[in-house]
Amino acid sequence: METDRRRLRVGQPITPEEFELLSDAQLARLVPKAYREFFPGKDFCADGHFYLHDGSAWCFFKGDLLDG
């Protein structure tokens, strides 16, 4: 499994397959600290993203905020 071989870092994009394999704690570590408190857990991430307090969305597949 490729996830075991590479070290995942904050802001690094991941694949949908990696998203499914990672736990909530592992996914939270990929989110910048400024946004972590808004991460609701994998079960509440539609299409690999979640919304922040200001209406913007963090995307795991992009490793960044989605363009509004």
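Taking the Kirkwood radius as Rh and the Cα radius of gyration as Rg, region 2-65 has a ratio of Rg/Rh equal to 0.92. Applying 0.36 nm per residue to the separation of His53 and Arg36 and subtracting their alpha-carbon distance, the gain on full extension is 5.0 nm.
Among the trypsin sites (Lys or Arg not before Pro) within the chain, those in coil by DSSP and having at most 15 neighbouring Cβ atoms inside 10 Å are Arg6, Arg7, Arg9, Arg29, Lys62. Each label was represented as a point 7 Å from its Cα along the Cα-to-Cβ direction; for Arg29 and Gln12 these points are 1.0 nm apart.
For Ser56, Ser23, the sequence from fewest to most other C-beta atoms within 10 Å is Ser23, Ser56. Database remark: amide H of Ala57 closer than 5 angstrom to the amide H of Leu52, Leu66 (H placed geometrically; neighbours at sequence offset of 5 or more, or on other chains; Pro and chain starts carry no H). Here's how it looks for Leu8: its modeled amide H is under 5 Å from none belonging to a residue 5 or more places away or on a different chain. Find out how many positive minus negative residues lie around Leu66, taking Lys and Arg as positive, Asp and Glu as negative, among other residues whose Cβ is under 15 Å from that of Leu66. Summing Lys/Arg as +1 and Asp/Glu as -1 gives -3. Couplings 3J(HN,Hα) of region 49-61, computed from phi: 9, 9, 8, 9, 4, 8, x, 6, 10, 8, 10, 5, 6 Hz, in residue order, whole Hz [Karplus 6.51 cos²θ - 1.76 cosθ + 1.60, θ = phi - 60°; x for Gly and Pro]. Across region 20-25, computed HN-Hα scalar couplings (Karplus, 6.51 cos²θ - 1.76 cosθ + 1.60, θ = phi - 60°) run 5, 7, 7, 7, 4, 5 Hz from first to last residue, x flagging Gly and Pro.
Values quoted throughout were computed directly from the atomic coordinates according to the rules given, and no laboratory measurement underlies them. The model shown is predicted, which means the values in this text are computed figures rather than measured ones. Note: ideal-geometry Cβ built from the backbone for every residue, glycine included; neighbour counts use all protein chains shown.
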